[in-house]
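Read the structure below first, then the notes.
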Amino acid sequence: MTTNTDIDQNYAAAYGNKVGYGKKPALILIDFVEAYYDKSCPLYADVEDALASAIRVLEAARKASVLVVYTNVVYHKSGVNGGRFFEKILPLEHLVEGSPMGAWAGELSPREDELVISKQYPSAFFGTSLASTLTAAGVDSVILTGLTTSGCVRASCVDAISSGFIPTVVAEACGDRHEDPHNANLFDMNAKYADVVSENDIIKYLESL
C-alpha cells in the first residue's frame, strides 16, 4: 500500500522546487462571484472561508500598492461565446450577462484603479488581455486566489507559468466544492507549477514590499 510518505519521496525526486516570490507581483482574484455563494445556484460551493482569506490578502495588496486584477465569467445570453465549455458545464448558464449570479460576492468591490478581466474559459489568461497587460505594467509574478482550485485557479496557474510569470497560490484563499480535489490540486500545483503558500506568508511578503 502506497503511503503519503512514499508519495512525498517519489515527488521529491523530481518536483517541489521552490521558486520564491517575484520583484513586482500582481494579485489575481479569480471568479469570486455570487454563483458560488448562493445556495439556490447549482454552482454553490460552500467556500466562504476562501473569500474571507482573499479579502485579507486584498487589503494587504492594496496597502502595498500592488496591481489588483479581478476575473469573472460572462457569456452572451445565447451562450454562443462559451463554445464547448458552455456545452459541457450546464450551470454556466447562470453566468450570462446580466445574471445576478455574476455579481461580486460578499464585500468585494473593485476600486477604480483595479482591473476587471471578463473571460469565457477557465484560465484568466486564455483569450484575454491579461498577459499583455501584466507585461506592460512590468509585473513578473502573480499571486493567485479564487475559485475553484481544481478549475479556474489551476488553469490560470498553468497559463501563468507558461506565459513567463512566477505563480504563487495562496492555499486558504482558494476553494473548491470538495476537499479532495482542492487538496490534490494544491499538491500538484505546488509540485509542478507554483509555490503554494499560506495566507500569513503572503501577507508578510506583501508587507515587505
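The values are calculated or read from the model by the stated rules, or taken from the named source; none is laboratory data. Quick caveat: nothing in here was measured; it's all calculated off a predicted structure. Using ideal geometry, Cβ is built from the backbone for each residue, glycine included, and neighbour counts are taken over all protein chains shown. With ligands, DNA and RNA removed, areas are computed over all heavy atoms of the protein, side chains included. Shrake-Rupley method; radii C 1.70, N 1.55, O 1.52, S 1.80 Å.
Between a residue in region 104-122 that is of a type in the set (D, E, K, R) and any residue that is surrounded by 15 or more Cβ atoms within 10 Å (Cβ to Cβ), which pairs come within a Cβ distance under 7 Å, given they are 6 or more apart or on different chains?
Every condition considered, the pairs that remain are Glu107/Ile55; Glu114/Val68; Glu114/Tyr70; Lys119/Thr71; Lys119/Val73; Lys119/Thr128.
Condition test on Tyr70, is it touching a residue at least 24 places away in the same chain (Cβ under 8 Å), aromatic (Phe, Trp, Tyr) and farther than 17 Å from Asp113 by Cα? Lay out the reasoning, then the answer.
Values: touching a residue at least 24 places away in the same chain (Cβ under 8 Å): yes; aromatic (Phe, Trp, Tyr): yes; farther than 17 Å from Asp113 by Cα: no.
So Tyr70 does not fit the description; no.
Of the residues that make up region 167-183, is at least one among the hydroxyl-bearing types (Ser, Thr, Tyr), open to solvent by 40 Å² or more (accessible area, probe 1.4 Å) and under 16 Å from Leu27 (Cβ atoms)?
Scanning region 167-183, I find no residue that is among the hydroxyl-bearing types (Ser, Thr, Tyr), open to solvent by 40 Å² or more (accessible area, probe 1.4 Å) and under 16 Å from Leu27 (Cβ atoms), so the answer is no.
Check region 102-114 and report whether any residue there is farther than 24 Å from Glu48 by Cβ and in contact with a strand residue (DSSP E or B) (Cβ under 6 Å, 6 or more places away or on another chain).
Looking for residues that are farther than 24 Å from Glu48 by Cβ and in contact with a strand residue (DSSP E or B) (Cβ under 6 Å, 6 or more places away or on another chain), one finds none in region 102-114, hence no.
State whether the residues of region 137-152 include one that is modelled with pLDDT of 95 or more, among the β-branched types (Val, Ile, Thr) and open to solvent by 30 Å² or more (accessible area, probe 1.4 Å).
Checked against the condition, which is being modelled with pLDDT of 95 or more, among the β-branched types (Val, Ile, Thr) and open to solvent by 30 Å² or more (accessible area, probe 1.4 Å), region 137-152 yields no hits at all.
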